[in-house]
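As structure tokens, the structure follows; a few thoughts come after it.
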Amino acid sequence: MATASVENGVASQNGQTFAQSAKVVFVLGGPGSGKGTQCASIVEQFAFTHLSAGDLLRAEISSGSENGLMIQNMIKEGKIVPSEVTVKLLQNAMERSGNDKFLIDGFPRNEENRAAFELVTGITPEFILFFDCPEEEMERRLLGRNQGRVDDNIETIRKRFKVFIESSLPVISYYDAIGKVRKIDAARTVEEVFASVCPLFAPYLQTSV
Ligand code: UDP
Ligand code: MG
């Protein structure tokens, strides 16, 4: 088999398995809450690898994969792609990165995503970075950004908000109950938000090998 996988427990330099040494932070928040923007700054300052689940799915569509059409249709409707697909993409991207510190942006979006990731990779997240933002502000940002995304139109945006509230907020509650959520007020400038984010990552500066 050409593809080794994370759950096979490939030993890293210090004798730990990948799952034991990997540091994963889930970056969650509604559509337009600033996840991608903040992740770019975290990558620069703290040497994490940024994996946007949405970007990986869009790349999968562009690559002409057999799942492309199904993914495209789900994104257009603001629906959540089956965990099997997304977890595999994340796992492959982690393996290829050569890094052991990851920001997983826009995932897990529902309970099934969360359970599948933990089961398949054996990784427990360090913490959940939650960008809390009022819906009116997120809507304003999404309608203003115009990056040519098929889902940045008002009908799909409304569906994405609904899915966020119904499916993704329960994941945040799950992690909150075990003390893993770090909530950030995201309705401020990029600089102000980043100033609140930085202290959470300072401990991880020392851990790169
Ligand atoms: N998506 C998904 N599973 C994921 C991440 C994204 O199904 O784990 C799909 C879903 O349809 C979502 C879309 O991709 O609405 C866009 O996700 P992205 O994270 O890029 O949007 P954002 O929340 O950053 O605006
Ligand atoms: Mg995004």
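Quick notes on this one:
- Within the range 164-181, restricting attention to residues that are open to solvent by less than 80 Å² (accessible area, probe 1.4 Å) and touching a helix residue (DSSP H, G or I) at 6+ places or on another chain (Cβ under 8 Å), the residue that is farthest from E77 (Cα to Cα) is V181.
- Any hit, the range 17-38, residues being at pLDDT below 95, open to solvent by 30 Å² or more (accessible area, probe 1.4 Å) and outside any helix (DSSP H, G or I): yes
- Complete set of residues in the range 14-36 that are under 12 Å from D100 (Cα atoms) and either within 9 Å of ligand 1 (Cβ to nearest atom) or under 11 Å from the mean Cα position of the chain (by Cα) (or both): V24, V25
- In summary, I61 fulfils each of the numbered conditions (1) part of a helix (DSSP H, G or I); (2) within 24 Å of G122 (Cβ to Cβ) with the single exception of condition (2).
- Matching entry among F131, F117, F102, F127 (being under 17 Å from H50 (Cβ atoms), modelled with pLDDT of 95 or more, buried (at least 21 other Cβ atoms within 10 Å of the Cβ) and out of contact with any Ser or Thr (no Cβ under 6 Å at 6 or more places or on another chain)): F117
- Those helices (runs of 4 or more DSSP H) lying entirely in the range 91-209 with at least 2 residues in contact with a strand residue (DSSP E or B) (Cβ under 9 Å, 6 or more places away or on another chain): 111-121, 169-177, 190-201
- Check on F201, under 25 Å from L143 (Cα atoms) and surrounded by 11 or more Cβ atoms within 10 Å (Cβ to Cβ): no
- Qualifying residue in the range 89-96 (condition: open to solvent by 50 Å² or more (accessible area, probe 1.4 Å) and closer than 29 Å to R188 by Cα): no
- Residues in the range 43-83 that are touching a strand residue (DSSP E or B) at 6+ places or on another chain (Cβ under 6 Å) and more than 20 Å from Q147 (Cα to Cα) were compared, and the one that is nearest to ligand 2 (Cβ to nearest atom) is V43.
- First in the range 39-62 and open to solvent by 20 Å² or more (accessible area, probe 1.4 Å) and of a type in the set (A, V, I, L, M), second anywhere and within 11 Å of ligand 1 (Cβ to nearest atom) and at pLDDT 95 or above, Cβ under 7 Å, 6 or more apart: L56/L89; L56/L90; I61/I71; I61/Q72
- Of the residues screened, E66 is one that is assigned to a loop (DSSP other than H, G, I, E, B) and more than 10 Å from ligand 1 (Cβ to nearest atom).
The values are calculated or read from the model by the stated rules, or taken from the named source; none is laboratory data. Just so we're clear, the structure is a prediction, and the values are computed from it rather than from any experiment. Glycine also receives a Cβ, built like all others from the backbone with ideal geometry; neighbour counts cover every protein chain displayed. These area figures cover heavy atoms from the full protein model, side chains too; ligands, DNA and RNA do not enter into them. Shrake-Rupley method; radii C 1.70, N 1.55, O 1.52, S 1.80 Å.
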